[in-house]
1. Evaluate the distance, in nm, between pseudo-label points positioned 7 Å from the Cα of Ala274 and of Asp66 along their respective Cα→Cβ axes.
2. Quick one: net charge around Gly137, please, counting Lys, Arg +1 and Asp, Glu -1 for every other residue with C-beta under 13 Å from its C-beta.
3. Can you pull the three principal axis extents for the Cα set of segment 251-406, in Å, largest first?
4. Name the residues whose placed amide hydrogens come within less than 5 Å of the amide hydrogen of Asp112, ignoring near sequence neighbours (fewer than 5 apart) on the same chain.
5. Hey, what do the phi angles of segment 405-417 turn into as Karplus ³J(HN,Hα) couplings, whole Hz, using 6.51/-1.76/1.60 and θ = phi - 60°, x for Gly and Pro?
6. Taking amide H positions as placed in the peptide plane 1.01 Å from N, state which residues far from Ile187 in sequence (5 or more) or on other chains have amide H under 5 Å from it.
7. Could you work out the local net charge near Pro127, counting Lys and Arg as +1, Asp and Glu as -1, over the other residues with Cβ closer than 12 Å to its Cβ?
8. Provide the FRET efficiency to the nearest 0.05 for the Arg339-Glu300 pair, computing r from the beta carbons and using R0 = 25 Å.
Amino acid sequence: MSADLAPGVIARDRTAERGGAADERLPADVSGPTGPGSAVAERTAWTPGHTPGDYVIGHARAVLPDRIVDNARIVVRDHRIVEIGEGTRGVALDVDARNMLLTPGFIDVHSDALEKERTPRSNAEVPLEFAMSSFTGRVMGAGCTTMFHGAGFQHQMARGVARSVSRALELCAAVDAERSSRVEHRILHRLDILSEAGAQALADRLAALPAGSPVPLVSHEDHTPGQGQYADPTKLKDYMIFADGLSEEEADAQLDRLVAEGREGEAVRQKHFAWLSELAAAGRIRLLGHDPDTAQAIDELAERGGSVAEFPTTVEAARRARERGMPIVAGAPNALRGRSHSGNVSAGELAALGLVDALASDYLPAALLGGVRTLVDEGIMDLPQAIGLITAGPARVAGLADRGAIAAGQLADFAFVSDARGGWPHVVATFKAGEPQPAGDSGAGAGLPS
């Protein structure tokens, strides 16, 4: 944590906590008698890495959904925001933001970067538990307080990444076991719609979720060349040559195999679509459609109970998603770079048309804030709107009503962002509300039909 935000010791006036106002508490740097009859009954230390439930932030430029409040005061009680005001005269502060931007903690609804953290080189895999711990630090540095890790329920390599049923289940177990006080880790279940082994493993996973678990996010995807993300198969061929090290002849053979599998797997595809539709209709999953490329693809997604259009590849698909009332997710690296690496529609173009509700990091967590900066610099949207793409928008995508905005009643998840020195803004620190309560119903009982 930056020294600018180091809270040190909080001096609490217990008489104030019994009904006094927030400004009756002593500032953190005020010393005084602590014996019987003194105003300060005890001093409570703030342990690094564990944000307390009660504190006051001052001198922040707070990014609210529709405006920026300068010299803002944010009061937190029991891990939730209870007051948003202006000015700090007569108020004891626990945290002096020193004119930094204060935003909601970022929410990343689609990240595959943990896979790369686990295997930084193709022949150098590190223990998954280590990768989980290491990646948490990276996520915090990117400003994320809620992260959905993609677990690929499929049976083959995917563009240079080793994905299998066993690896998906290992990742799920590691994320389930993680108890970070700084980042809430969750799973985005990614199903290759042609993978029977993946569907069976996903069914077992969903059925085993404990009662009271949040409704799980499930994204179905089909990477058959000629549609979706790789409507232009030459883009996938180039990727195979660059990322997988295939020769041109080997890449052509691989493309031919994938096209044949897609054509021959129509019955499997429709069976799995029907199964996912049943789960979505019963409220046992929140269904996302990955890489929709046409209005028809969006209509079919809506008919099977899909709630979210994830990375639409064309303006046509995004327009239909808006017409159908679906939140639209675009790639933050796409927004940052100004173009899609697959040759599809740019996130900036979609945002300029009002067809983006959320940015997801995909493979680069730091791109969330970078994408926001690019959209603001290009005049596509103002800062509150752009910050909403990595806070309130993703919260809506994931069905999380308790976070994503600096507003009374919301969880006290914050990112402190410095933009004072020019260049790219960067996250200085994040605060995570303790013991967030799960939202939604259990995803149990999601058996795969025969």
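Derivation of every value follows stated rules applied to the coordinates shown; laboratory data play no part. Quantities reported herein were computed from a predicted structural model and do not represent experimental measurements. Note: ideal-geometry Cβ built from the backbone for every residue, glycine included; neighbour counts use all protein chains shown.
1. 4.8
2. With Lys, Arg at +1 and Asp, Glu at -1, the net is 0.
3. If we take the Cα atoms of segment 251-406, the spans are 47, 42, 26 Å.
4. When sequence neighbours closer than 5 places are left aside, the close amide H contacts are Gly150, Asp362, Tyr363.
5. For segment 405-417, the Karplus-derived couplings read 8, 8, 8, 4, x, 7, 4, 7, 9, 9, 10, 9, 10 Hz, x marking Gly and Pro.
6. His149
7. Details: positive: Arg118; negative: Glu117, Glu125, Glu129, Glu170.
Neighbour charge sum, excluding Pro127 itself: -3.
8. On the way: r = 28 Å, r/R0 = 1.11.
E between Arg339 and Glu300, to the nearest 0.05, is 0.35.
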